Amino acid sequence: MSGDRAQTVLDFVVGMSVFLVAVGFTFAFVPSLLEPYAVGEGATVIVAERGAARLAESSLAATGSTATLSHACTLAFFDGTDAAAVESDCAWTANASDLHDELGVDDFRGLNLTVTQRGTVGKLDPDGAAVEMRAGPAPPRTESVSAASRLVTIVDPEDPRGPETYRLTLRVW
């Protein structure tokens, strides 16, 4: 009678091992199968790079130049002036108060645009009233934020010092 009996303990261990490996494999790889359908951080990097390039190379750029911003267009952009009211040929359609429209970004993404010089927020000074070059809310500390920067110069035709260098930074979350 003992010859007809199978090795139940060994069969149980092998069967449970195969089962646990299959369950572990499923839990390890199913999230990666669903990942292309989730919103990832890679999208914010692309939006930040594209937005910074658009602002520095076309929207705020001086005529015939990239990375050199037009003083009049930049001032009007951050001051909230309508593009049609600016004498210069500005390439932006919405000013800093509607940054989402200008960059073509959905409203569910957060945007912050800051132009700094030597670590402080840059200011343009038309007629004694300084306009800070900043738009959008401060980035949250609890979320992942992607940033893209461009070194730009702003040429004020009335400034005898010549062009000044700034850092344009767009943050997206």
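The values are calculated or read from the model by the stated rules, or taken from the named source; none is laboratory data. Just so we're clear, the structure is a prediction, and the values are computed from it rather than from any experiment. Glycine gets a Cβ as well: all are built from the backbone with ideal geometry, and neighbour counts include every protein chain shown.
Report yes if LEU55 is in the same structural domain as PRO137 (by TED's automatic domain parsing), assigned to a strand (DSSP E or B), crowded, with 21+ Cβ neighbours inside 10 Å and not basic (Lys, Arg), otherwise no.
No; evaluated as a whole, the condition is false for this residue.
One line per residue, one yes/no per condition, for (1) closer than 21 Å to GLY162 by Cβ; (2) at pLDDT 90 or above; (3) outside the structural domain of THR165 (by TED's automatic domain parsing):
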site: VAL45; (1), (2), (3): no, no, no
site: THR68; (1), (2), (3): yes, no, no
site: HIS71; (1), (2), (3): yes, no, no
site: GLY80; (1), (2), (3): no, no, no
site: ALA94; (1), (2), (3): no, no, no
site: LEU111; (1), (2), (3): no, yes, no
site: ALA130; (1), (2), (3): yes, no, no
site: ALA135; (1), (2), (3): no, yes, no
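Working only within segment 118-148, note down all residues that are among the hydroxyl-bearing types (Ser, Thr, Tyr), more than 12 Å from ARG171 (Cα to Cα) and assigned to a loop (DSSP other than H, G, I, E, B).
Residue satisfying the conditions is THR142 alone.
Under the condition of being hydrophobic (A, V, I, L, M, F, W, C) and at pLDDT 90 or above, which residue from segment 149-172 is farthest from ALA48 (Cα to Cα)?
Within segment 149-172, the match that is farthest from ALA48 (Cα to Cα) is VAL152.
Given the structure, is ALA72 over 22 Å from THR44 (Cα atoms), among the hydrophobic types (A, V, I, L, M, F, W, C) and assigned to a loop (DSSP other than H, G, I, E, B)?
Judged against the criteria, ALA72 is not a match.
Specify the residue that is surrounded by the most Cβ atoms within 10 Å (Cβ to Cβ); the eligible residues are those in segment 71-117 that are more than 18 Å from LEU170 (Cβ to Cβ) and either of a type in the set (S, T, N, Q) or touching a residue at least 60 places away in the same chain (Cβ under 8 Å) (or both).
Within segment 71-117, the match that is surrounded by the most Cβ atoms within 10 Å (Cβ to Cβ) is HIS71.
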